[in-house]
Amino acid sequence: MAREGESGRGRDREDRDSEFMDRLVHINRVAKVVKGGRRFGFAALVVVGDQKGRAGYGHGKAREVPEAIRKATESAKRSMIRVPLREGRTLHHDVQGRHGAGRVLLRAAPAGTGIIAGGPMRAILEALGMHDIVAKSQGSSNPYNMVRATFDALRKEDSPRAIAIRRNLKVSALQARRQGGEAESSSET
């Protein structure tokens, strides 16, 4: 009887873990030369997301690849952030992020554009559940710097609700200003 309860709890944890999508972004092999030859170690960079606006990244090191990936995945689940999405498909506004020599630019895109991004940024944006976005990597192409720069940009993303609260406005007034600004710019051209 006790075993059934234990397996039930284990199954609940598996169901909770299965809601997350994880992507291996990069694996690095390092060798330490010792008396008997070489001893290899592996470092893994993993991105985890629920495809509903939450994502995180993690780094894990171990002697075997599966163990490094497991450690990185656990680290990524602990460092998840929430990103506000417009209509559940794109960003509210354009943002830039940087880490070290890595710089990224993330731009909101109209419906049907798809994810236009390369390498590590694509993995993050898919894990977040974005459908329409244009991303550009500038500077370093090191996957660690690109991932950290992308998360730096995503942390800067604000929703209209957060901006309205900061400015003591109603969201509808803020949205009206936005639509009014678009109308003014289109009538000028």
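For the reader, a short list of remarks on this structure follows.
- For residue 140, residues with placed amide H under 5 Å, excluding near neighbours: 102, 103
- Note on the range 21-77: Cα-Cα pairs beyond 18 Å make up 37% of the total pair count.
- Surface/4 of the Cα convex hull for the range 128-180, nm²: 5.4 nm²
- Shown here are the Rg and Dmax of the Cα trace of the range 84-188, at 15.1, 44 Å.
- In Hz, Karplus ³J(HN,Hα) per residue of the range 70-79 (6.51, -1.76, 1.60; θ = phi - 60°; x = Gly, Pro): 4, 5, 5, 5, 4, 5, 5, 5, 6, 10
- For residue 67, neighbours were defined as the other residues whose beta-carbon sits under 12 Å from its Cβ, and their charges (Lys and Arg +1, Asp and Glu -1) total +2.
- Other residues lying with their Cβ under 15 Å from the Cβ of residue 100 contribute a combined charge of +2, Lys and Arg counting +1, Asp and Glu -1.
Laboratory data are not the source of any read-out in this text; all were calculated from the coordinates shown. Every value quoted in this text rests on a predicted model; they were computed, and no experiment measured them. As a convention, Cβ positions derive from the backbone with ideal geometry for all residues, glycine included, and neighbour counts pool all protein chains shown.
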